[in-house]
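The values are calculated or read from the model by the stated rules, or taken from the named source; none is laboratory data. Owing to the predicted nature of the structure, the values given are computational and were not obtained by experimental measurement. Every residue, glycine as well, gets a Cβ built from its backbone with ideal geometry; the counts of neighbours run over all protein chains shown. SASA here: full protein model, heavy atoms, side chains in, ligands and nucleic acids out. Shrake-Rupley method; radii C 1.70, N 1.55, O 1.52, S 1.80 Å.
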Amino acid sequence: QVHPVQSGGGLVQAGGSLRLSCAASVRTVSSYTMGWFRQAPGKEREFVVAISWSGLSTYYADSVKGRFTISRDNANNTIYLQMNSLKPEVTTVYYCAAELGGSYDSASGYGYWGQGTQVTVSS
């Protein structure tokens, strides 16, 4: 499939961890920089983290540095988002997507969006 299929997420207590997965076709995952965004109701989609097609470069939003880790497994056409030390304020829907052009931290440059995964952190 062209559009990634997301899995993982769910409900966790503050301080806990979750891992999100994003699996797509070979062409999508191995050919593009892949990113994770999140979007709260009524707000714009917010950049979280991105990883280059080779996996050698990663880019993190300041708000998640040190707590979130992105990785990719091109052999299995999957990218992962490991989220540690979770806080209630990160509760929202998370999306993965492929960067088709533009800046890595702008949602407008991305396509092939996943279906979204709810992450809920309870206090």
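Details
- Cα-only Debye scattering, segment 66-123: base-10 log of I(q)/I(0) at q = 0.21 Å⁻¹: -1.01
- Over segment 1-110, Cα pairs under 8 Å with separation of 6+ residues give a relative contact order of 32 percent.
- Normalised by residue number, the volume inside the convex hull of the Cα atoms of the chain is 91 Å³ per residue.
- CD proxy at 222 nm, helix term only [per DSSP H run n ≥ 4: -39500 (n - 2.57); per residue of the chain; nearest 500]: -1000 deg cm²/dmol
- Gain on full stretching of the segment that runs from Glu89 to Asp62 - 0.36 nm per residue minus C-alpha separation: 8.3 nm
- With at most 13 neighbouring Cβ atoms within 10 Å, loop trypsin sites (Lys or Arg not before Pro) (DSSP) excluded, longest segment of the chain: 66-123
- 3J(HN,Hα) couplings calculated from phi for segment 110-116 with the Karplus curve 6.51 cos²θ - 1.76 cosθ + 1.60 (θ = phi - 60°) are, in sequence order, 10, x, 6, 6, x, 7, x Hz; Gly and Pro show x.
- Coarse-grained scattering of segment 17-83 at q = 0.20, 0.23, 0.27 Å⁻¹, given as base-10 log I(q)/I(0) from a Debye sum over alpha-carbon atoms: -0.79, -0.99, -1.21
- With all protein chains in place and ligands, DNA and RNA left out, the 1.4 Å accessible area ranks Tyr59, Tyr95 as Tyr59, Tyr95, largest first.
- Beta bridges assigned by DSSP with both partners in the chain are antiparallel in approximately 90 percent of cases.
- Here's how it looks for Tyr110: its modeled amide H is under 5 Å from those of Leu100, which are all 5 or more places away or on a different chain.
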